[in-house]
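Asker: Sharing a structure with you now.
The values are calculated or read from the model by the stated rules, or taken from the named source; none is laboratory data. This structure is a prediction, so every number in the text was calculated from the model and none was measured. For neighbour counting, all protein chains shown are included, and Cβ atoms are generated from backbone atoms with ideal geometry for every residue, glycine included.
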Amino acid sequence: MFKKSSKLYSIFNNKCPRCHTGNFMENDTKFGLIKSMNMHENCSNCSLKYMIEPSFFYGAMYVTYGITIAISVATFIIAYGVFGLSYLYSTISIAFAIIAFIPNTIRLSRILWIHLFISYNPTKTKP
């Protein structure tokens, strides 16, 4: 499931969608809003240009929206259903969860977005 040729390997290990070898983001840190957003312009292994066209990653906002909804629903179920918090405290916990996961959400949405358009090609890897 997490072999080098699988999409999940590339997504969760911050790798290039075409060769699954070069890093997609400059920093491996998932904490810190500015540092976690820096992307390489090209893959260090297969030279894939990540910004396929101007404003390519604007589409990742839709993926971010979906991930944020999933985080909100999961947080509400845990806060209200498991811990029995009121609606007010459940809403406050949702706000904290969304703010805490902003860097991870943005990184994941960009990686997922580019993986929708570029597939794995093992012939593009350097020896």
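Asker: For the stretch 50-73, give me the residue count where each residue is of a type in the set (F, W, Y) and within 30 Å of S90 (Cα to Cα). Give the steps one after another, and end with the answer.
Answerer: Of the residues in the stretch 50-73, the ones of a type in the set (F, W, Y) are 50, 56-58, 62, 65.
Of the ones still in play, those that are also within 30 Å of S90 (Cα to Cα) are 62, 65.
The qualifying residues number 2.
Asker: Output the residues belonging to the stretch 18-68 that are more than 21 Å from I102 (Cβ to Cβ) and of a type in the set (D, E).
Answerer: Result: E41, E53.
Asker: If you don't mind, there's one more thing I want to ask. Any idea how many residues of the stretch 113-123 are modelled with pLDDT of 90 or more and either under 10 Å from G59 (Cβ atoms) or of a type in the set (V, I, T) (or both)?
Answerer: Total satisfying the criteria: 5.
Asker: Any residue in the stretch 95-108 that's surrounded by 14 or more Cβ atoms within 10 Å (Cβ to Cβ): show its pairings with residues that are among the charged types (D, E, K, R) at Cβ separation under 7 Å, as long as the two are six or more apart or on different chains.
Answerer: Pairs found: P103/K30; N104/K30; R107/K30.
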